[in-house]
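Since every read-out is calculated from the coordinates, none of them should be taken as a lab result. Keep in mind it's a predicted model, so treat the numbers as computed, not measured. Backbone-built Cβ (ideal geometry, glycine too); neighbour counts: all protein chains shown.
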Amino acid sequence: MIKICVVDDNPLIVTTVKRALSALGYSISVANNLKEFSVLSEKEDFDLVITDYYLQDSTALDIKNRLSNKENPASILVMTGKDLSSDFGLPLIKKPFSVKELREVVQNILAQRIGGKLGS
């Protein structure tokens, strides 16, 4: 089963993302900040981490750095309402986004991840 972790301090975003992706059969874990994510990521390996760019205690780059120590790090999708470029090397989805748009982006990222594993 595909495991996804949603990291955001906005309960509405967390609920929306969790519902949208659970309906597709993905296993969803939730963290409100970097500290909670760190605890979860010690226990589980995720295929995808969907995170707000700005969290109360960190940014998406801190999440990326935390994952870089893993043997097979999760893919990352950054959610943001700010005007950010993708210069930091992570895919972005702009808030507000539709459930359809979220599902399409997630499925594309996961297809690339699985394709990369099969191609290795």
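Brief remarks follow.
- Within the chain, longest stretch free of exposed trypsin sites (Lys or Arg not before Pro) [DSSP loop, at most 12 other beta carbons within 10 Å]: 1-69
- Calculated FRET value between Thr15 and Glu71, using beta carbons and R₀ = 30 Å, to 0.05: 0.40
- FRET efficiency for Thr80 and Asn108, using Cβ-Cβ distance with R0 set to 25 Å, rounded to 0.05: 0.90
- Isotropic mean projected area of the C-alpha convex hull, the stretch 1-53 (nm²): 3.3 nm²
- Val49 sits among other residues whose Cβ lies under 13 Å from its own Cβ, and their net charge, with Lys and Arg +1 and Asp and Glu -1, is -2.
- Residues of type lysines that Lys35 reaches as a straight line, Cα spacing below 22 Å, ignoring anything fewer than 8 places off in the same chain: Lys3, Lys18, Lys43, Lys64, Lys70
- With the simple model of a label 7 Å out from the Cα in the direction of the Cβ, Lys3 to Lys43 spans 1.0 nm.
- Its Cα gyration tensor gives the chain an equivalent ellipsoid, and the semi-axes of that ellipsoid, as √(5λ) in whole Å with the largest first, are 19, 17, 15.
- Modelled label reach - Asp62, point 7 Å along Cα→Cβ, the stretch 1-29 residues with backbone N closer than 16 Å: 7-10
- Considering helices alone, the calculated mean residue ellipticity of the chain at 222 nm is -13500 deg cm²/dmol, with DSSP H runs of length four and up weighted by -39500 (n - 2.57) and normalised per residue.
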